[in-house]
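A short worksheet on the structure shown next.
The values are calculated or read from the model by the stated rules, or taken from the named source; none is laboratory data. The shown structure was predicted, so the numbers you read here are calculated from the model rather than taken from an experiment. Don't worry about glycine lacking a Cβ; one is built from the backbone with ideal geometry, like all the others, and counts go over all protein chains shown. Please note that ligands, DNA and RNA were not included when accessible areas were found on the heavy atoms of the full protein model with its side chains. Shrake-Rupley method; radii C 1.70, N 1.55, O 1.52, S 1.80 Å.
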Amino acid sequence: QIARVSDLPEGKEQSESALVHLYGDHIGTVSSGDTLVISGVIKHVEVSPNNNETKTEREIVVTHIKNQDAQEIQLSDEDIEWIESVENPVEMLLESIAPHLVGIDDKKRGTLHTLVSGHEMEFKDLRTKSHILHIGDPSTGKSDLISWFNNILPNSIYAAAESATGVGLTATVEREERLGGKWVCHAGTLVKANEGHAFVDELGEFSEDDQNKLRTA
């Protein structure tokens, strides 16, 4: 896996970027926007994009990588004992979800059940996970609700029509000049949310092409 990373721009007018090569257990450990601490071997490689003037680019072969944004949940014996003592965990969770949003308990309940549901597949024709679609008038809390869930759930990705890039919701293949014009796959929202949750806001504002790709995904 190849990722592009940038130096933290603190105190700099412009940050430098480098291509990072991930192998083995490092593959799939980073997502766009993550803050990383990387150890590795820095290489300076000459590239000639589109046969133009030769440039020197930085590449890093990773030996160790730490994701500062990775969330690890560790429960003590006391935590487990307290959780098991709760008589009605669903209602307790509902009271905790976005308490500033009132009057949409049905949407909260439906979203909660969707996000924590699923089971091991036992039959070929049985779906283990579900999707949910919120439909309603503007300013009724839909965007606030999914943003709240996105902020608390590990391995979740949020995409909105006004901020989505050309990669869109699924994936695209583009020429990477730094790799001598080789074709490179760029992951979209659904790919990055693998084994997690994808929140798509203002679905109707996405391009028709992106919406059609959702059917295949």
Next on the checklist: At 7 Å along Cα-to-Cβ for each site, give me the label-to-label distance between Glu78 and Lys55 in nm.
Outcome noted: 5.5
Checklist entry - Sorting Asp7, Asp144 by accessible area (1.4 Å probe), largest first, what list results? => result Asp144, Asp7
Checklist entry - Can you give the accessible area of Ser76, probe radius 1.4 Å, in Å² rounded to 10? => result 50
Checklist outcome for this item: Residue-normalised value, i.e. accessible area per residue, for segment 57-115 at 1.4 Å probe, in Å², stands at 74
Checklist outcome for this item: Counting sequence-distant residues (5 or more places) and residues on other chains, those with an amide H built under 5 Å from that of His197 are Ser156, Ile157
Checklist entry - Sequence-distant or interchain residues sharing an amide H contact under 5 Å with Leu36, placed H: which? => result Gln68
Next on the checklist: Could you give each residue of segment 62-67 its phi-based ³J(HN,Hα) in whole Hz, using Karplus coefficients 6.51, -1.76, 1.60 with θ = phi - 60°, and x for Gly or Pro?
Outcome noted: 7, 9, 8, 9, 10, 8
